[in-house]
Amino acid sequence: MCGRFTLTVDPAELAETFGDFTFPTQFAPRFNIAPTQPVLVIPNDAKNQADFFIWGLIPSWSKDPAIGSRLINARGETIAEKPSFRGGFKYKRCLIPADGFYEWKAQPGAKTKTPYFIHMKDRKPFAFAGLWDEWQSPDGGAVRTCTIITTEPNELMSTLHNRMPVILDQKDYHLWLDPTPQTPDKLLHLIKPFPAESMAAHPVSTLVNKPGNDRPECIVPAS
């Protein structure tokens, strides 16, 4: 799964990396983004513009917004079939920019898991494949939410966990963000592990275990 991630680069660097998309002119660096919090998202609404959505998908047909806390991830193997995700997979896809994410590794004989920070070797930002939706609250307000798609792990991630987030290659961004309805055969080949040779990981402090700890120390290698 993917339950925490980071976006610490400044807007200028993010815009330079992503090129064709417009970003907010300023936002605070985030070292411990957690579910139900606002996250930066580029939806496939043909505007090529990033905005903040709530992490945790609330399907438009849902009667209870609490479902969002249970839909922070979508399994890539079943997104074309599951009612909560199949509509989004066809119509509402998004990029979720990040520059790292966390996973917790079980250690033999240890009661607690060790958190690891995973990032690209060149430390550049990247994008998770995601789905989004817009839910109308009873008071008439619109709530835009998203979920991160996961897949089987690559060689690096398999040493930490049995799942990993889907990270898209830059050349596939525009296909994923095509606003026209897509069939599974056009997109399922993108749901795959990112090459392990481009990634690195190191253990970090259990400071990251608490979502309230959102500071640079979260990504510092553990001593």
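Please pick out the residue among Lys113, Lys92, Lys105 that is touching a residue at least 40 places away in the same chain (Cβ under 8 Å) and over 23 Å from Ser198 (Cβ atoms). Lys92 is the lone residue from the list that is touching a residue at least 40 places away in the same chain (Cβ under 8 Å) and over 23 Å from Ser198 (Cβ atoms). The set of residues in region 141-168 being of a type outside the set (A, V, I, L, M), without any contact (Cβ under 8 Å) to a residue 40 or more places away in the chain and not in a loop (DSSP other than H, G, I, E, B) consists of Ser158 alone. Residues that are among the aromatic types (Phe, Trp, Tyr) and either in contact with a strand residue (DSSP E or B) (Cβ under 7 Å, 6 or more places away or on another chain) or assigned to a helix (DSSP H, G or I) (or both) within region 57-89 comprise Phe85, Phe89, listed in sequence order. The set of residues from region 35-56 being of a type in the set (Gly, Ala, Ser), more than 12 Å from the chain's Cα centre (by Cα) and either assigned to a strand (DSSP E or B) or buried (at least 21 other Cβ atoms within 10 Å of the Cβ) (or both) comprises just one member, Ala50.
Considering region 95-140, the residues that are outside any strand (DSSP E or B) and among the charged types (D, E, K, R) include one that is farthest from Arg163 (Cα to Cα), namely Asp139.
No value in this document is a laboratory result; all are computed from the given coordinates. Since the structure is predicted, the reported quantities are computational estimates derived from the model, not experimental observations. Neighbour counts are summed over all protein chains in view; Cβ atoms, including those assigned to glycine, are modelled from backbone coordinates with ideal geometry.
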